[in-house]
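Here the structure is laid out as structure tokens; the discussion comes afterwards.
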Amino acid sequence: MEDERPARGDLWIEDRRIAAVTPADPAPDWRTEEVERRDVSSFWILPGFVQTHVHLCQTLFRGLGEGRELYRWLSEVIWPLEAALEPDTLRVSAEAGIYQLLASGTTAILDMGTTRHTSAIAEAVEARGLRAFLGPAIMDRGPAQALVRAGGEFRREVEELASVWEGHDDGRIRLALCPRFVPSVSDPLFRELAREPSFRSFPIHTHGSETRQEVEEVRSLTGTTPPAYLASLDGGRGRVKMAHGVWLSAEDRAALRECGGAVLHCPGSNLKLGSGLADLRALREAGVPVGLGADGAACNNRLDAWREMRLAGSIASTLHGPSTLSAFELLRLATLDGAKVLGLEDEIGSLKRSKRADLTLIDPTGDEAALGAEGMEGMERTEATGGTGATSGLAEEPPEALLVYAGSSRMVRETWVDGRVVFDRASARPERRELSARFLAARRRVLERAGFPVPG
Ligand SMILES: [Zn+2]
């Protein structure tokens, strides 16, 4: 991810971090009896994917709100179901989501919870080894009365969560402030939370400019657009992480750049809910950092960075032509760019000495579409393909194009976070069965509590 060059070599890990990547770094002088060696020469190693917008609390709702645009999807399905979550069912939702994320090679996320029981999400993240920023969705106004709480309750909950979880496990778990979107948070509370000195290290994770209807609602509530409103927050500089950003003007993009805000691109969710096509090229040209995210399983319906990369590339091609974003740039969008959006570019996002050992072992034989990948000469290539990749692939298939456009999560054999194996496909079957049974029971319980029809 640093210089576009795949290399054949050894990756050395000490505790949680990468100690060396040969041949760029010299091999460490470790005594052999202290070193556990693994031959993974038939695999490729990638940095773990970073998904900058996820709702672990919605994993149980997959497939339950089909055929609705955003506002109906929220008001008729998602908000009633979120309100019916209890700590134990939320825990199952989070575990099921984390399992899917790790199995498809995602090692770090920025999550948005529901308005209660956020510690159940933190406990699932802790147990399953994912790296995450998390926090309760903040809603102190709007039609979802079963989710709405007073501002002071959110303030106290964030303080309590931070006292337990901020920086937990050597920084693996961090807090985020998650005002759901402008229509669900009153102006005084939004401003108070952004200004609060003890919350200043937390990113402000929100939704904005997702649909035209939402932009109009924000305009009628605040007199301005979502990006202009977020840019006006005292204390918000460098912290605004706005999911979607579909309906943006040039002024909106300039406002985001000037406040150091980032857009969290969710192509799968935007397409499926019919929200629109976010313009990645316009954001990049405006100097707005962009990360990638699957959003929630209730609107995607996968939590799969592979598919989001491919959709991001295909949307950019549709809007501006197929040379707009190279496969390499898409791979970087899903890794190093996401790390930058989270302020973690010195820690994760590429395979580099002293960074965290957050990575995946990719088996090129894992997906039939990648037939022939095991013998690809491209891995030996020593020259960079260049920014757009427009001239590459004439004589050889670039490995990044194979990954982004022919690859899939089926190629993920192992996922590592902080130097520990957190998913191993070889032993994943029994775990899947156990989780699947808990998923179905928890979903049933939530449907019952929400007063929805329960199958069977
Ligand atoms: Zn979302």
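Observations
- Any pair with Cβ under 8 angstrom, 6 or more apart, that starts in region 294-306 at a residue that is within 9 Å of Q51 (Cα to Cα) and within 11 Å of the ligand (Cβ to nearest atom) and ends at one that is in a helix (DSSP H, G or I) and of a type in the set (S, T, Y): A294/S269; D295/S269
- Matching residues, region 243-257, being under 17 Å from F181 (Cα atoms) and either within 16 Å of the ligand (Cβ to nearest atom) or not in a helix (DSSP H, G or I) (or both): A243, H244, G245, V246, W247, L248
- Residues being outside any helix (DSSP H, G or I), surrounded by 15 or more Cβ atoms within 10 Å (Cβ to Cβ) and among the polar types (S, T, N, Q) - total across region 193-229: 5
- Selection of region 405-448 for residues being aliphatic (A, V, I, L, M), surrounded by 16 or more Cβ atoms within 10 Å (Cβ to Cβ) and in a strand (DSSP E or B) yields V412, V417, V422.
- Looking only at region 258-290, and only at residues there that are within 13 Å of the ligand (Cβ to nearest atom) and in contact (Cβ under 8 Å) with a residue 60 or more places away in the chain, the one that is nearest to T206 (Cα to Cα): L264
- Residue within region 230-242 that is farther than 27 Å from A339 by Cβ and either in a helix (DSSP H, G or I) or out of contact with any Leu (no Cβ under 8 Å at 6 or more places or on another chain) (or both) present: yes
- Listed conditions (1) touching a helix residue (DSSP H, G or I) at 6+ places or on another chain (Cβ under 6 Å); (2) in contact (Cβ under 8 Å) with a residue 60 or more places away in the chain; (3) away from the ligand (no atom under 16 Å from the Cβ) are all met by P87, apart from (2).
- Candidate set: region 12-57, residues that are of a type in the set (S, T, Y) and touching a strand residue (DSSP E or B) at 6+ places or on another chain (Cβ under 8 Å); chosen: the one farthest from T365 (Cα to Cα): T52
- Selection within region 53-65 - closer than 16 Å to C178 by Cα and either assigned to a helix (DSSP H, G or I) or away from the ligand (no atom under 11 Å from the Cβ) (or both): L56, C57, Q58
- Strands (runs of 3 or more DSSP E) lying entirely in region 106-191 (those with 3 or more residues that are buried (at least 23 other Cβ atoms within 10 Å of the Cβ)): 106-111, 131-134
- Which numbered condition E95 misses (of (1) within 15 Å of the ligand (Cβ to nearest atom); (2) buried (at least 19 other Cβ atoms within 10 Å of the Cβ); (3) outside any loop (DSSP other than H, G, I, E, B)): (1)
No value in this document is a laboratory result; all are computed from the given coordinates. Here the structure is a predicted model, which means the values were calculated and not measured. Here the Cβ is made from the backbone with ideal geometry for all residues, glycine too, and neighbour counts use every protein chain on show.
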